[in-house]
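I have a structure I would like to understand better, so I am pasting it below and will then ask my questions one at a time.
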Amino acid sequence: MLAQRVGVAALRQGATKPFFAQNIPKAALAAGISTSSPLRSAWNRITGCTLSATMYGFSLAYLAAPLVGLHLESASIASFAAGLPLAIKGGIKFTLGFPFVYHAISGFKHLLYDAGKGFAKTTIIQADKYIWAASFLGAIGLVAFL
């Protein structure tokens, strides 16, 4: 009975000064919060959703094609693409390639963050510029070589 009272008293003392509350002033603010722009996260999500919507949309269309009479076989798509003007083909490739490249590079950046690398303010700001530049160059490379 006495042990129970001691335990309850210790719990009451601990409740008045919880562990996390006493350590809040000592906690460091995450480096990304002060330098983070909501646009960085938004663009990563937008490109990811674009990739997902494109994949699911085409997959569902491919599944439903025989039922509704569409021809989405590889030969039909290749002959359709061959008939398009070069500028239209390039625009379609860039539109599909940019989200892929941006999301892939940004995903690699997040893997580096998970490893604890690159949390300096200057590194975060520079990484954002490099990601945009590499994404545009990568998408242009996909247009040129695919």
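The values are calculated or read from the model by the stated rules, or taken from the named source; none is laboratory data. Keep in mind that this is a model prediction, so the values were computed, not measured. All Cβ positions, even for glycine, are placed from backbone atoms using ideal geometry, and neighbour counts span all protein chains on display.
Looking at Ala61, Ala144, can you tell me which residue is over 17 Å from the mean Cα position of the chain (by Cα) and surrounded by fewer than 12 Cβ atoms within 10 Å (Cβ to Cβ)? Can you show your working first?
Working: Ala61 fails: surrounded by fewer than 12 Cβ atoms within 10 Å (Cβ to Cβ).
It is Ala144.
State whether one or more residues within region 28-37 are in a helix (DSSP H, G or I), of a type outside the set (S, T, N, Q), surrounded by 11 or more Cβ atoms within 10 Å (Cβ to Cβ) and modelled with pLDDT of 90 or more.
Initial filter on region 28-37 (in a helix (DSSP H, G or I)): 31-35.
Then keep just the ones that are of a type outside the set (S, T, N, Q); that gives 31-33.
Next, only the ones that are surrounded by 11 or more Cβ atoms within 10 Å (Cβ to Cβ) stay: 31-32.
Subset that is modelled with pLDDT of 90 or more: none.
No, because not a single residue in region 28-37 is in a helix (DSSP H, G or I), of a type outside the set (S, T, N, Q), surrounded by 11 or more Cβ atoms within 10 Å (Cβ to Cβ) and modelled with pLDDT of 90 or more.
A follow-up question, please. Here is a list: Leu84, Leu51. Which entry is outside any helix (DSSP H, G or I) and modelled with pLDDT of 90 or more? Steps first, answer last, please.
Details: Leu51 fails: outside any helix (DSSP H, G or I).
Step by step, each of Leu84, Leu51 is checked, and only Leu84 is outside any helix (DSSP H, G or I) and modelled with pLDDT of 90 or more.
Can Gly90 be described as within 20 Å of Val143 (Cβ to Cβ), part of a helix (DSSP H, G or I) and touching a residue at least 40 places away in the same chain (Cβ under 8 Å)? Show your work before the answer.
Working: within 20 Å of Val143 (Cβ to Cβ): yes; part of a helix (DSSP H, G or I): yes; touching a residue at least 40 places away in the same chain (Cβ under 8 Å): yes.
Considered against the rule, which asks whether it is within 20 Å of Val143 (Cβ to Cβ), part of a helix (DSSP H, G or I) and touching a residue at least 40 places away in the same chain (Cβ under 8 Å), Gly90 comes out as yes.
Now, a different point. Given the condition at positive phi, surrounded by 14 or more Cβ atoms within 10 Å (Cβ to Cβ) and either at pLDDT below 95 or more than 15 Å from the chain's Cα centre (by Cα) (or both), answer yes or no: does some residue in region 98-107 qualify? Let's see the steps before the verdict.
Initially, region 98-107 is screened for residues at positive phi, giving none.
Among the residues of region 98-107, not one is at positive phi, surrounded by 14 or more Cβ atoms within 10 Å (Cβ to Cβ) and either at pLDDT below 95 or more than 15 Å from the chain's Cα centre (by Cα) (or both), which makes the answer no.
Of all residues in region 107-137, which are part of a helix (DSSP H, G or I), over 18 Å from Ile46 (Cα atoms) and in contact (Cβ under 8 Å) with a residue 24 or more places away in the chain? Steps first, answer last, please.
Step one: filter region 107-137 for residues part of a helix (DSSP H, G or I), giving 107-114, 121-137.
Narrowing further to those that are over 18 Å from Ile46 (Cα atoms): 111-114, 121-127, 130, 137.
Passing the criteria: Tyr113, Lys121, Ile124, Ile125.
Suppose the filter is among the hydroxyl-bearing types (Ser, Thr, Tyr), loosely packed, with under 11 Cβ neighbours inside 10 Å and modelled with pLDDT of 95 or more; does Ser135 pass it?
Numbers: among the hydroxyl-bearing types (Ser, Thr, Tyr): yes; loosely packed, with under 11 Cβ neighbours inside 10 Å: no; modelled with pLDDT of 95 or more: yes.
So Ser135 does not fit the description; no.
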